[in-house]
Amino acid sequence: MNDLQLLGPRAYGEALGSAVLKATAEDFQVDEVLDIPLTGDGEHLWLWVEKRGLNTEEAARRIAKAAGVPLRTVSYAGLKDRQALTRQWFSVQLPGKADPDMSGAENDTLKILKTARHKRKLQRGAHSANGFTLRLTQLAGDTAAIDARLQLIARHGIPNYFGTQRFGHNGGNVVDAREWAARKALPEQRNVRSRLLSTARSYLFNKVLAARVADGSWQRAQVGDLLAFTDSRSFFPAGEAECSDPRLAILDLHPTGPQWGEGDSPAKGLTYELEQSVVAGEADLRDWLVKAGMSQERRILRLPIGGLTWHYPGPDILQLEFVLPAGCFATVLVRELVDLVPVGQTDSPCVF
């Protein structure tokens with residue numbers, strides 16, 4: 001499956017050129033933003049970890065081994081890319097124990113930058129945002145046009161698609177989810193079941209968002225929409241008054257799309273009709289999510305880009321710095337600018 005099938009149309013027109021991302025780990029840097037004041041005491045040891053070429057689960061296993069504890073006692077807020085330089089928090093439950101020697105977890109791919117005690121473990125999804133520094137190399141494109149598009153993005157945001165990473169290589173997770181849905185069955189392995197259900201919900205969300213990008217309604221509220229603030233998981237219905245709320249214009253409030261599950265959609269009017277029409281085209285996935293007991297949730301359709309800045313360290317290098325809410329994809333921003341060329345190639349663009 002290609003990127004247009006997995007995501008949808010770009011908001012601002014065709015790609016303005018091509019570039020390489022992740023030629024080195026330093027080209028894709030992520031810093032977890034966690035607004036939790038640590039108490040300095042308690043049975044949980046929190047670790048601020050820098051990792052390079054290592055995924056979050058592998059890092060957790062190494063931390064558990066070095067601390068001499070079961071893996072289940074190691075917690076983290078979110079998964080971070082393997083092919084990147086990332087900094088994120090982990091916590092280790094150590095009731096009645098002193099801080100262990102963690103040097104056994106460290107090497108060139110993992111460094112523990114600081115530690116602190118806290119009374120509670122780190123919960124999944126506890127981080128509020130992620131800060132990104134991306135360096136696009138081998139850039140081929142009109143920098144004036146790229147600058148103009150970045151200015152549009154800074155003012156108006158981008159469609160909040162789930163990135164292609166969510167769907168596996170060439171959309172393989174979507175293919176697998178469809179096969180299970182057609183059989184009206186669920187994988188027995190919990191991690192596989194969770195991954196494929198998440199894939200199905202993300203895919204249906206992207207389909208709805210793609211329809212609203214195509215008709216131009218992704219940036220504006222319409223009667224029947226459900227609105228949500230950038231950093232909130234709650235939502236409320238839009239009537240005539242809510243559609244002119246000034247917080248929509250400043251990218252604080254947004255229309256939302258469905259993350260499908262049990263029960264009827266709370267959307268109304270044209271929004272309800274569009275969502276029902278889109279997911280009817282994937283009836284097996286829709287019914288599979290309902291049968292699995294997934295709950296109806298909402299996700300903002302428009303993604304504001306916090307603190308977006310950029311510069312050109314070299315004639316063919318573009319560096320971007322910005323902050324995104326947790327659960328949002330940096331590669332979706334890159335997609336609005338350029339096609340990505342696989343590392344080591346210069347004539348075979350792909351898109352994320």
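The values are calculated or read from the model by the stated rules, or taken from the named source; none is laboratory data. Bear in mind the structure is a predicted one, so any value in this text is a computation, not a measurement. For neighbour counting, all protein chains shown are included, and Cβ atoms are generated from backbone atoms with ideal geometry for every residue, glycine included.
Which one of L45, L54, L79 is part of a strand (DSSP E or B) and either modelled with pLDDT of 95 or more or not assigned by the TED database to the domain that holds T164 (or both)? Talk me through it step by step, then tell me what you get.
Details: L54 fails: part of a strand (DSSP E or B); L79 fails: part of a strand (DSSP E or B).
Going through L45, L54, L79 in turn, just one is part of a strand (DSSP E or B) and either modelled with pLDDT of 95 or more or not assigned by the TED database to the domain that holds T164 (or both): L45.
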(message) Here are the criteria: (1) of a type outside the set (D, E); (2) part of a loop (DSSP other than H, G, I, E, B); (3) under 19 Å from Y203 (Cα atoms). Tell me which single one V343 does not satisfy.
(response) (3)
(message) Being closer than 21 Å to F322 by Cβ and of a type outside the set (D, E, K, R): is that true of F132 here?
(response) yes
(request) Starting from the stretch 4-20, keep only residues that are without any contact (Cβ under 8 Å) to a residue 60 or more places away in the chain and assigned to a loop (DSSP other than H, G, I, E, B), then list their pairs with residues that are crowded, with 20+ Cβ neighbours inside 10 Å and polar (S, T, N, Q) whose Cβ atoms are within a distance under 7 Å, requiring at least 6 positions of separation or different chains. (result) none
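Listed here are the residues, each with its yes/no results for (1) surrounded by fewer than 19 Cβ atoms within 10 Å (Cβ to Cβ); (2) closer than 30 Å to R149 by Cα; (3) in contact (Cβ under 8 Å) with a residue 24 or more places away in the chain.
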| position | (1), (2), (3) |
| --- | --- |
| D231 | yes, yes, yes |
| F236 | yes, no, no |
| C243 | yes, yes, no |
| R247 | yes, yes, no |
| Q276 | yes, no, no |
| E282 | no, no, yes |
| L285 | no, no, yes |
(request) From the list D101, D147, pick out the single residue that is out of contact with any strand residue (DSSP E or B) (no Cβ under 7 Å at 6 or more places or on another chain), in the same structural domain as L318 (by the TED database) and at pLDDT 95 or above. (result) D147
(request) Could you look through the stretch 134-170, keep only residues that are outside any strand (DSSP E or B) and of a type in the set (S, T, Y), and pick out the one that is surrounded by the most Cβ atoms within 10 Å (Cβ to Cβ)? (result) Y161
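Would you please name the residue that is surrounded by the fewest Cβ atoms within 10 Å (Cβ to Cβ), looking only at residues in the stretch 81-133 that are among the aromatic types (F, W, Y) and within 15 Å of W48 (Cα to Cα)? Talk me through it step by step, then tell me what you get.
So in the stretch 81-133, the residues among the aromatic types (F, W, Y) come out as 89-90, 132.
Now narrow it down to the ones that are within 15 Å of W48 (Cα to Cα): 89-90.
Working: W89: 22, F90: 25.
Ranking the candidates gives W89 first.
To keep it simple, each residue is scored yes or no on (1) within 18 Å of A77 (Cβ to Cβ); (2) of a type outside the set (G, A, S); (3) assigned by the TED database to the domain that holds T199; (4) modelled with pLDDT of 95 or more.
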site: D108; (1), (2), (3), (4): no, yes, no, yes
site: L113; (1), (2), (3), (4): yes, yes, no, yes
site: G125; (1), (2), (3), (4): yes, no, no, no
site: L139; (1), (2), (3), (4): no, yes, no, yes
site: F167; (1), (2), (3), (4): no, yes, yes, yes
site: V175; (1), (2), (3), (4): no, yes, yes, yes
(message) Among the residues of the stretch 58-75, what is the count of those that are farther than 14 Å from M102 by Cβ and surrounded by fewer than 13 Cβ atoms within 10 Å (Cβ to Cβ)?
(response) 3
